[in-house]
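See below for the structure under consideration.
All of the numbers you see were taken from the coordinates with simple rules; none came from a lab. What you are looking at is a predicted structure, and each value in this text was computed from that prediction instead of being measured. Every residue, glycine among them, receives a Cβ derived from its backbone with ideal geometry; neighbour counts consider all protein chains shown.
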Amino acid sequence: MTKQGTLGVAVIGTGRMGADHVRRITDVTSGARVAAVVDIDAERANHLAGRIDGCTAYSDPAAAMTAPEVDAVLIASPGPAHEAALLRAFEHDLPVLCEKPLTPDATSALRVMEAEQKLGHRRVSVGFMRRYDAEYLKLKALLDGGRFGRTLMLHCRHRNVSTPPGFTNQMTINDSVVHEIDTTRWLLDQEITAVTVLRPTPSTAAPEALSDPQLVLFETSGGAVVDVEIFVNCGFGYQVQCEAVGESGSARIGDGHHMVTNSAGRWGGEIDQDFVSRFADAYDREVQRWVDATRRGETEGPSVWDGYAAAAVCEAGVRAQTTGERTATTLVERPALYR
Ligand code: ISE
């Protein structure tokens, strides 16, 4: 860290999310600067680094992590590259903010969890950004306050305008529903014990071989039931909604009524078109909270356990999707470090 305590961050992966985090740390976040950018595409990394004072471009994450000006790491590379970067960061005991998914499957997530336990302290926050969204935070506070009694059900809707080429059925679970897996565990403070996936006749707008929409059901350790409509080619907008039904009241977030216009005998508003704009504030809050905690020498936010549990539920979800059967999840015992 500089004398002023500014955190030097290495951003690994400069694709859409990585580049957005570089912009955020440079223009929005206080107490941090981008000291290094890493990408296997050296031209892209050089181009980005050239626009930031004191920032060096690397093509190897390991090299960036040994640079003296690097105090912490933000991993935004594709999921399959996360494990190697995390293990390398542990070797240098560097704090990490790791974009979701922690790793693409439960077995590799377990390896990361074992390595962090060997370190003896938490070093990783997983970037499940919805936990930093103002509306989700309000809902969490309401449910924790117990005003509506026990939460019986969650009704969730997760809609994307369209999918990039190559988006598969498995990705609807691993990339998209993984957010509802995390928010369910977090909002209810319970584990997900079983997953069922129903696949209605696909929309005519669904790309070849993609089941779209799907209805995903979770059962939880406390006896709640959660339904998730996942519709990734809805065509009209990006919508993430959640209604919690308690014993004596319900609460809904995500209606997205930013501004309502009235004109020519009609009222209306705008629908966000993607997660970068819908969750911009959440990403800002997530990165600021990570920087603040790191500068205090602390680690907070979603843990490696949360990343592992999400990966394990995703595996059950993909199995349920393929077999059409209700599929129970299996989790290892929660290690003491994450209790
Ligand atoms: C994407 O990877 C995300 O994380 C978005 O939040 C989600 O809405 C989208 O479906 C995913 O593909």
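General observations
- Residue check, residue 178 outside any helix (DSSP H, G or I) and either surrounded by 16 or more Cβ atoms within 10 Å (Cβ to Cβ) or more than 10 Å from the ligand (Cβ to nearest atom) (or both): no
- Considering residues of region 150-169 that are within 13 Å of the ligand (Cβ to nearest atom) and in a strand (DSSP E or B) only, the residue surrounded by the fewest Cβ atoms within 10 Å (Cβ to Cβ): 157
- Qualifying positions in region 102-130 - touching a residue at least 40 places away in the same chain (Cβ under 8 Å), in a helix (DSSP H, G or I) and over 21 Å from residue 76 (Cβ atoms): 106, 110, 117
- From 109, 115, 89, residue being surrounded by 22 or more Cβ atoms within 10 Å (Cβ to Cβ) and out of contact with any strand residue (DSSP E or B) (no Cβ under 8 Å at 6 or more places or on another chain): 109
- Taken over region 246-272, residues that are surrounded by fewer than 17 Cβ atoms within 10 Å (Cβ to Cβ) and either of a type in the set (Phe, Trp, Tyr) or closer than 22 Å to residue 143 by Cβ (or both) amount to 9.
- When residues of region 236-257 are limited to those that are under 20 Å from the mean Cα position of the chain (by Cα) and part of a strand (DSSP E or B), the one farthest from the ligand (Cβ to nearest atom): 243
- Residue count, region 181-207 (criterion: within 16 Å of the ligand (Cβ to nearest atom) and crowded, with 18+ Cβ neighbours inside 10 Å): 5
- Among the residues of region 208-235, those that are surrounded by 17 or more Cβ atoms within 10 Å (Cβ to Cβ) and in a loop (DSSP other than H, G, I, E, B) comprise 210, 211, 212, 213, 224, 232, 233, 234.
- Count of region 135-149 residues which are in a helix (DSSP H, G or I) and away from the ligand (no atom under 16 Å from the Cβ): 9
- Residue check, residue 128 among the aromatic types (Phe, Trp, Tyr) and farther than 28 Å from residue 189 by Cα: no
- All positions within region 116-134 that are touching an Asp or Glu at 6+ places or on another chain (Cβ under 9 Å) and away from the ligand (no atom under 15 Å from the Cβ): 119, 121, 122, 123, 124, 125, 134
- Criterion violated by residue 277 - all others in (1) under 29 Å from residue 169 (Cβ atoms); (2) within 16 Å of the ligand (Cβ to nearest atom); (3) in contact (Cβ under 8 Å) with a residue 40 or more places away in the chain satisfied: (3)
- Of the helices (runs of 4 or more DSSP H) lying entirely inside region 15-93, those containing at least 1 residues that are over 20 Å from the mean Cα position of the chain (by Cα) and under 15 Å from residue 283 (Cβ atoms) are 16-27.
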